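Novice: Before I ask anything, let me first share the structure, which is written out below as structure tokens.
The values are calculated or read from the model by the stated rules, or taken from the named source; none is laboratory data. Note that the structure is a prediction, hence the values are computed from the model and not measured. Cβ coordinates were reconstructed from backbone atoms using ideal geometry, including for glycine residues, and neighbour counts include every protein chain displayed. Remember, those area values only see protein heavy atoms, side chains included, never the ligands or the DNA or RNA. Shrake-Rupley method; radii C 1.70, N 1.55, O 1.52, S 1.80 Å.
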Amino acid sequence: MATTEGRRFVSPSPAADARPRAATGPVDHVWAVARIALGWIFLWAGLDKLFGWGFATPADRAWIHGGSPTTGFLTGTGDHALGGFFSGLAGQPWVDWLFMIGLFGIGLALVAGAGLRIAAATGGLLLVLMWAAELPLTTNPFLDEHLVYAVVLAGLALVSAGDTWGIGRWWGDTAIVRRYPILK
């Protein structure tokens, strides 16, 4: 046990996930709402790109109609600092597949409340790449919603936000997750 500024804390251990948690409080509900809301953002982006429901993706550019889910955003980065790299990825089938699998996988994990560690890592990577594609930013010298969402994703995983209003606690008790805690 260590102290810092008069407060005691216990270093996390592998057994920390196995200890029973206290009853959920208001902060757990706030994290659960944030988790579900952010999950819906990822899911909605994937659904709209897949079906072209006309919000961000017109029907004729839907993935199921032969459109590319990465072309619009990535070709729009051509004038940015890393635009040559990112616009070269636009429309590549492997990039489209990774992007769509990422949107749906991250969104489903967040809404369900399971696999938050992997969702936070992959979602954070996706968001940082999207942030980098837009450099230099036009509305702020450094910070935008992509980085804020990446920080929120890390927080969701760190507080086990899937345990409230999700299947996180059940998922964490499965044999595979106990064996491979990264899957929590």
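Novice: Can you tell me the accessible area per residue over the chain, all protein chains present, probe 1.4 angstrom, in square angstrom? Spell out each step's value before the answer.
Specialist: Details: 10950 Å² over 184 residues.
Averaged over the residues of the chain, the accessible area is 60 Å².
Novice: Roughly how many debye, to the nearest 20, is the charge dipole of the stretch 72-184 about its Cα centre, given +1 on each Lys and Arg Cβ, -1 on each Asp and Glu Cβ, and no other charges? Could you put the intermediate results ahead of the total?
Specialist: Working: 5 positive and 7 negative charges, 123 e Å.
Computed charge dipole of the stretch 72-184: roughly 600 debye.
Novice: Put +1 on the Cβ of every Lys and Arg and -1 on every Asp and Glu Cβ in the chain; which of ALA121, ALA45, TRP94 then has its Cα farthest towards the positive end of the dipole?
Specialist: Value computed over the given set: ALA121.
Novice: Each label point is 7 Å from the Cα along the Cα-to-Cβ direction; what then is the distance between the points at THR139 and ARG178, in nm?
Specialist: About 4.7 nm, to one decimal.
Novice: Next up: Rg and Dmax of the stretch 42-82, using alpha carbons, in Å: what are they?
Specialist: Just the Cα atoms of the stretch 42-82 yield Rg and Dmax of 10.9, 32 Å.
Novice: Additional query: If you build the convex hull over the alpha carbons only and average its shadow over all orientations, what do you get for the chain? Give it in nm² to one decimal. Don't skip to the end; give the middle numbers.
Specialist: Values: hull surface 53.8 nm².
Across all orientations, the chain yields a mean hull projection of 13.4 nm².
Novice: Tell me, in nm to one decimal, what length is gained between ALA56 and VAL148 on full extension, where the rule is 0.36 nm per residue of separation less the Cα-Cα distance? The partial results should precede the final answer.
Specialist: Details: separation 92, 0.36 × 92 = 33.12 nm, distance 2.10 nm.
Full extension of this stretch gives 31.0 nm more.
Novice: For the chain, with all protein chains present and a 1.4 Å probe, just round the carbon and sulfur fraction of the accessible area to a whole percent. Please report the intermediate quantities before stating the final value.
Specialist: On the way: 7530 of 10950 Å².
Answer for the chain: carbon and sulfur cover 69 percent of the accessible area.
Novice: Considering only the other residues whose Cβ falls under 13 Å of the Cβ of LEU127, what net charge follows from Lys and Arg at +1 and Asp and Glu at -1?
Specialist: Numbers: positive: none; negative: GLU134, ASP144, GLU145.
Charge balance near LEU127 sits at -3.
Novice: Please state, as a whole number in µm²/s, the translational diffusion coefficient that the Stokes-Einstein equation yields for the stretch 74-114 at 25 °C and 0.890 mPa s, with Rh defined as the Kirkwood radius across alpha carbon pairs. Intermediate results must be reported in sequence, preceding the final value.
Specialist: Values: Rh = 11.5 Å.
For the chosen part, D equals 214 µm²/s.
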